[in-house]
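Notes for the one structure printed next.
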Amino acid sequence: MKQIILPITISLLVVSLAGCALIPDLPPAATPTPSIPPSGYEPQPGDEKLKRDQVFLDLANSQVVRKESQPAQVSLMLTGSLSDPCHQLRVVVTPADGRKEINLEVYSLFEPGKACITVIKPFSVTIPLGNYSGGHFTVNVNGQLVGEFDA
């Protein structure tokens, strides 16, 4: 009886191990991050040839807007002004981090030496921040808190 059980046990072990070898390694599941739709104010090709400048933000009149949907669609209504009409607005949105903070870097670019009328140019733009679910989030612009929302 021992003579029959040993070859069967070895055969089952070989088949089991061979079956494991046929299972491919799967990559780890990626953690989903909100995709941020374009706003039209992202950095552009050729920006490196322009000079960076500040933006005068009116954070008291800027606000986070959350649409009632699942997942929550969130945007930022951002107001402020540029030094002159030749300055171009740029906004870089960083998705929520582990502390559920969404950070925006807002600045302007201009072409040095280009003649431009000296007049303040106000702006009011809507910047999409993406879709969020599950949690309390804060929104910061240039390091300053602008608003919060629950998703």
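The values are calculated or read from the model by the stated rules, or taken from the named source; none is laboratory data. Because the structure is predicted, anything quoted here is derived from the model rather than measured. Cβ coordinates were reconstructed from backbone atoms using ideal geometry, including for glycine residues, and neighbour counts include every protein chain displayed. With ligands, DNA and RNA removed, areas are computed over all heavy atoms of the protein, side chains included. Shrake-Rupley method; radii C 1.70, N 1.55, O 1.52, S 1.80 Å.
Some notes on this structure:
- Going by accessible surface with a 1.4 Å probe and the largest first, 132, 41 read 41, 132.
- Cα centroid separation - the range 33-90 against the range 131-151, whole Å: 15 Å
- Using the Karplus relation 6.51 cos²θ - 1.76 cosθ + 1.60 with θ = phi - 60°, the per-residue 3J(HN,Hα) values for the range 44-59 come to 10, x, x, 4, 5, 8, 9, 9, 7, 9, 7, 10, 8, 8, 10, 5 Hz, with x marking Gly and Pro.
- When the GluC sites (Glu not before Pro) in the range 55-151 are filtered for DSSP coil states and for at most 12 other beta-carbon atoms within 10 Å of their beta-carbon, the remaining sites are 68.
- Stretching residue 150 away from residue 63 to a fully extended chain increases their span by 29.9 nm, per 0.36 nm per residue minus the current alpha-carbon distance.
- With 0.36 nm allotted per residue and the present C-alpha distance subtracted, the residue 100-residue 118 stretch has 2.5 nm of extension available.
- HN-Hα J in Hz across the range 113-130 - Karplus 6.51, -1.76, 1.60, θ = phi - 60°, x for Gly and Pro: x, 7, 5, 8, 4, 8, 8, 5, 10, x, 9, 9, 10, 10, 10, x, 9, x
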